[in-house]
Amino acid sequence: NKLKPKYRNYKWYQYENNIIRNIPKLRGHSLSDVGNDHIITIGDHKKCEHVDIFRFNKTMTKMKRLYAKGGDIPCCRFDHISEYIPMINSILFMGGFDSQCNYNEAKLLSLSDMI
């Protein structure tokens, strides 16, 4: 009894958003599903002092830039990971690179402390 693989025809779709104006170029961002019909992106590939944080609703019709109230905000980087931890309403943000550094660190972003 050999298991036969089930092949499926998966397809990519192009999403064009004509509702939100001035969507930033999200290069080098990670994406976290934070429930309550929202997703959060963190990161940036530009050479900036701090990572960008944006919240979108899941229908991609509303966007808001978020700002941390303080703490040690990570600098911009790419190829990092982030994971939402619902029990503490926070995002674990780890690793990443820029043109000069391999970041070997983990930081916790409390969504309760966002402006």
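Send over the semi-axes of the chain's equivalent ellipsoid, whole angstrom and largest first, taken as the square roots of 5 times the C-alpha gyration tensor eigenvalues. If you can, show how the numbers build up before the last one.
On the way: eigenvalues 151, 79, 57 Å².
In descending order the semi-axes read 27, 20, 17 Å.
At a probe radius of 1.4 Å, what is the per-residue accessible area of residue 50, in Å² to the nearest 10?
Spelled out: residue 50, probe radius 1.4 Å, area about 70 Å².
Just reorder 59, 41 by solvent-accessible area, largest first, 1.4 Å probe, all chains present.
Values: 59 80, 41 10 Å².
Descending order: 59, 41.
Would you work out what percent of the accessible area of the chain, with all protein chains in place, is carbon or sulfur (probe 1.4 Å)? Walk me through the numbers before you get to the answer.
On the way: 4550 of 8860 Å².
Roughly 51 percent of what the probe reaches on the chain is carbon or sulfur.
In debye, nearest 20, what is the charge dipole magnitude of the chain about its Cα centre with +1 on Lys and Arg Cβ and -1 on Asp and Glu Cβ, if you could check? Before the final figure, lay out the partial values.
Values: 18 positive and 12 negative charges, 155 e Å.
I would put it at about 740 debye.
Output the relative contact order of the chain, whole-number percent, from Cα pairs under 8 angstrom with separation of 6+ residues.
On the way: 202 pairs, mean separation 22.0, N = 115.
The normalised contact order for the chain reaches 19 percent.
Taking 0.36 nm per residue of sequence separation and subtracting the Cα-Cα distance, how much length would be gained by fully extending the chain between residue 69 and residue 20, in nm to one decimal? Before the final figure, lay out the partial values.
Details: separation 49, 0.36 × 49 = 17.64 nm, distance 2.55 nm.
In short, 15.1 nm is gained.
Lone cysteines in the chain, going by a 4.7 Å Cβ-Cβ cut-off?
That list is 75, 101.
For the stretch 49-93, what is the relative contact order in percent, using Cα pairs closer than 8 Å and at least 6 residues apart in sequence? Please list the in-between numbers first.
On the way: 42 pairs, mean separation 13.9, N = 45.
In percent, rounded to a whole number, it is 31.
The values are calculated or read from the model by the stated rules, or taken from the named source; none is laboratory data. All figures in this text were calculated on a predicted structure; none of them were measured in a lab. Note: ideal-geometry Cβ built from the backbone for every residue, glycine included; neighbour counts use all protein chains shown. Remember, those area values only see protein heavy atoms, side chains included, never the ligands or the DNA or RNA. Shrake-Rupley method; radii C 1.70, N 1.55, O 1.52, S 1.80 Å.
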